[in-house]
Each structure stands twice: as C-alpha cells, then as structure tokens.
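Below is one structure, written out as structure tokens; the observations come after it.
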Amino acid sequence: MYKWKDIPLGLFWDAKVYNIFLLPTLGYIAQLERPPEWVTKGTTRSLTQAAKGPKDWAQPEDLQQLQETFGLKASFKRLDITAQAAQSRVLHWDRSIRSVDHAIDLWQHIQHRINNREVVHQHIKWQRWYQNAFLCNLTDNHNTLMQQYDSIGSIYLAHSPQINNNENPDVRKRSIHQTAVYQAAMTPLLRDATTRIRRKMNRWKLNDHNKHHSTSPNVRENTPAWQAERTTKLLAKLSHITAPRVVSAVFSTIFNRWTTTKRYQQKVKECRFGCGFHDGDSIEHYCRCPVTRGVCRRLLNTNPDHCASLHGFTLCSHTINNRDVLAMQALLIYGVYAAFNSIKQQGNGSTTSIVAHECICQKIREGVSGHASSTFRLANRWNSEHTEAQEIGNHTATTTNKRTHRLKLTHHATQLAKRPRYDHLIHWLGKPQPNDHN
C-alpha cells in the first residue's frame, strides 16, 4: 500500500491497482481461510490511502460500490465478500474436490466424529483446529449462500441469462462463478445512489437563486430531489460515452474531492489559473472562472453560462439534453480538474491565464485519448461534418451491432485527424475579408 499511495493514478486506476496487486495478497489465503475481523477492518481503513483526498470525502462503502451503485467502471473490492466468492469457486470447481455433495458428506462425517462422546477430550483440546478446517470453511460458506439463494444456478442466471445457450456452458460457468457470487453477495448491501448524492450536494444549495444564476425557471427542476436524481442518471450514462478517467473526475467533483484551500477550511488563496480573483481557490470559483469559460467558447463550442457553472459541474443542469452535450460537459470537468491538480503539484502557486487555458485544453485532449466515441465528438465540435456526427450518434440508440458502431467512429475520427486542425480557429476568428490584407 505504501508503495502505491503517493502515485497520482486517478480513482479508476487506484481501484485497479488495489484489486490486482494489493487485495490478492490476502485473497490467496482467503480461498480456504476466513479472514479475521481485524484483517477486514484493516483493509477497510486502507481505502483512505488507496483513494486519497480530503477527510471524509467518501465513505468506504462508497468506494466499494463505485461500479454497482454509481456506474463507474471499477470498484474497490471487499475482502470478506471476495473470500466468500473464492471459497464457493473452490468448492464447486477445484479439481481436488470430487463434487459438492461428496464434500458435504465428508463434512457431516467429520462433525459426527467430533461429536462422539468417546473422543470428547480431543474435541475440547482441538476445537479451534476442527472448526477452522478447510473443508469446514468451504461447506459452512456454501450453507450460508444457500440460505440466501435457492441454488448456484439461480446466481448464474441472474448474472448471465444466456449462459445455457453457450457452446460449452461448464467452461463459461467456471469462468464467471466467482464474479457472479460476488455480485450476488453485494446486491443486498448496495446503497441508494440518489440519496447519497443528494446528501453530498446539499452543501452547495443548488436550488438557491441568490447564490446561483444558472438555476432552471422550472420549479420542479430546482428541487434537491430532482437535481440528485438527474445527477445519478447522467453519471450512470457517462461511462458509456467517455473514458473511465473522465467519469472518475466527474465523480470526484460531485463528491467534493478537490484539494483546494477552501475545502481544507484554510485561508482561501487566489485562483491558480491566474485570473486575478483573490479568493478563487475553491471549486465554486473554478467552475465559473474566466479561463474555464474561455475553454467552453473556443474549444468545446458550448455555452459557458450553462456549462461553466456549479450546476453543470454537478451534472444537474437542465440544459444537458443529449449525449453530445453531456460528453462535452464531462470533458470540461476533467480538463479543469486535471489542470488544477497539475498546476498545484508544480508548487508555484498560480500561473498565467494563457498557460492555464492551454493546460486545460491539453488535459481535455488527453481525456479523449484512446477513446473512439469521445474523440469523435470532440473532433466534430467545429467541423462541418457535425451533422454527420449527430447522425452516427443517433444510430447508437437503435443499432444492435456495437462493434460496427465503434468501427464507424474510429474510421471517421481517423479521417478527421488527417485534416488540418484550423477549422475551429476560422470559426472563432471569422472568415478574412478582402481589406484585411491591405
């Protein structure tokens, strides 16, 4: 943990590193042994080091349910449920176990011998050893699962309904067994995402017209319940149209993970983007900073009055009415969030507005790197083929062949990348007049 905690990977890769490199060191033993309570609590406390941020920016339950509750691409796995799923996989699919029924018969035979009055003194002496035998752990875990579910087959069907139509269903079942059991065990523990997001957004009073100028004229759209529900729905859709790093930045913004001086309740410093605002080191300012508004106008071709606002940065704005606008809003959040962290890590305090503008634009381009859909949307913001982009984007909602759709997006983005990238400057500066050369 201490080797990885100071590396700026981002929330998505923090979860990947935790699940791939850190948790398996204990999960290997947890295939046969029950994790002690002190180990489970220790892994839960380690989440504050794996996903660093201001105090109480997120609870351990939030980080353990990022994918299941909030729609992100990865969650921090729980050790106790991982052990439960791994022990179920060993009992059903390990070659050393003939069958589940045979293992249960052996377990019952062991229990019968333990309860024999003739060897009761041995049972008292070796009680802990008998209770923690590997076979007892596996069968006890199986009995616990069967009390909640009818059979393992019902867990398979809930996870993959088409599993019986596979050419080799046994191989498929073996590959998804641990994942299916983990998801089944996590389902009763999931939180309500809307309630949790509403509690996190209450600090900004987004329904107050005196504090925010981008509120909706509709009364219902200004209620905290509607705003939290809209944020939850858009956050779940975001993972399908942008890269995981962008979704993680949006989630961190909604949960107020920004490490500003105002967030740490210190004396608020000036804006790090060099706009000249003295009390600007806060998320409330960065979302509507003149530098942020300039990026909206010049790169993203969006209305800064709507996108460069706290409603836009929390995805509860009433103007986010299609996937294209949602993608641009998410990229703006990612660019500002990443640029803020980059400028802060340099240790120079603030920078000039021109450098900050270029930094945000560069971070936005990095945010779409390797992601065909968002690359395609960003490349078409100023091009004449924008109508074609809308046509292909609408095709996504009706097509059933996602591979064909991805190929179309990749081909179109490749063709656009070969063209000169001056179209957005021509639209911004205006076409040259004949007397401009005189």
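Throughout, read-outs are computed from the coordinates displayed, never taken from laboratory work. Just so we're clear, the structure is a prediction, and the values are computed from it rather than from any experiment. Because the Cβ atoms are built from the backbone with ideal geometry, glycine has one as well, and the counts that use them run over all protein chains shown.
Which FRET efficiency, nearest 0.05, do GLN362 and ASN303 yield, Cβ-Cβ r, R0 25 Å?
With a Förster radius of 25 Å, E is 0.65.
Please give the FRET efficiency for ALA225 paired with LYS55, using the beta carbon to beta carbon distance and R0 = 25 Å, rounded to the nearest 0.05.
0.35
Restricting to lysines 8 or more places apart or on different chains, can you count the pairs in the stretch 11-77 with Cα atoms under 17 Å from each other?
Lysine pair count for the stretch 11-77: 5.
Based on other C-beta atoms within 10 Å, arrange TYR286, TYR18, TYR264 from fewest to most.
By the 10 Å Cβ count, ascending: TYR264, TYR18, TYR286.
Among residues other than ASN207 whose Cβ falls under 13 Å from its Cβ, what is the net charge (Lys/Arg +1, Asp/Glu -1)?
Counting the neighbours of ASN207, the net charge comes to +4.
Rg to Rh for the stretch 1-87: what is it, with Cα atoms only and Rh by Kirkwood?
0.95
Hey, with R₀ at 22 Å, roughly what FRET efficiency would PHE277 and LYS205 work out to, going by the Cβ-Cβ distance, to 0.05?
0.60
When the chain is fully extended, how far beyond the present Cα-Cα distance does THR144 get from GLN131, taking 0.36 nm per residue of separation?
Residue separation times 0.36 nm, minus the Cα-Cα distance, leaves 3.1 nm.
I need PHE70, PHE21, PHE273 ordered by Cβ neighbour count within 10 Å, fewest first.
Fewest-to-most ranking of PHE70, PHE21, PHE273: PHE21, PHE70, PHE273.
What does the charge count around VAL295 come to, taking other residues whose C-beta lies under 11 Å from its C-beta (Lys +1, Arg +1, Asp -1, Glu -1)?
Residues near VAL295 contribute +3 overall.
Please report the spacing between the Cα centers of the stretch 230-265 and the stretch 286-319 in Å, no decimals.
Each part reduced to its Cα centre gives a spacing of 15 Å.
Express in nm, to one decimal, how much length is gained between LEU106 and LYS41 on full extension, taking 0.36 nm for each residue of separation and deducting their alpha carbon distance.
So the extension gain works out to 20.1 nm.
Local charge sum around LYS269 (other residues, Cβ-Cβ under 13 Å, Lys/Arg +1, Asp/Glu -1)?
Taking every Cβ under 13 Å from that of LYS269, the sum is +2.
Can you order the peptides 337-344, 101-108 by their average number of other Cβ atoms within 10 Å per residue, highest first?
The densest-packed peptide leads the list: 337-344, 101-108.
From the Cα gyration tensor of the stretch 234-344, with a ≥ b ≥ c the square roots of its eigenvalues, which class applies: rounded if a/c is under 1.5, or else prolate if a/b is larger than b/c, or else oblate?
Taking the square roots of the gyration eigenvalues as a ≥ b ≥ c, the stretch 234-344 is prolate.
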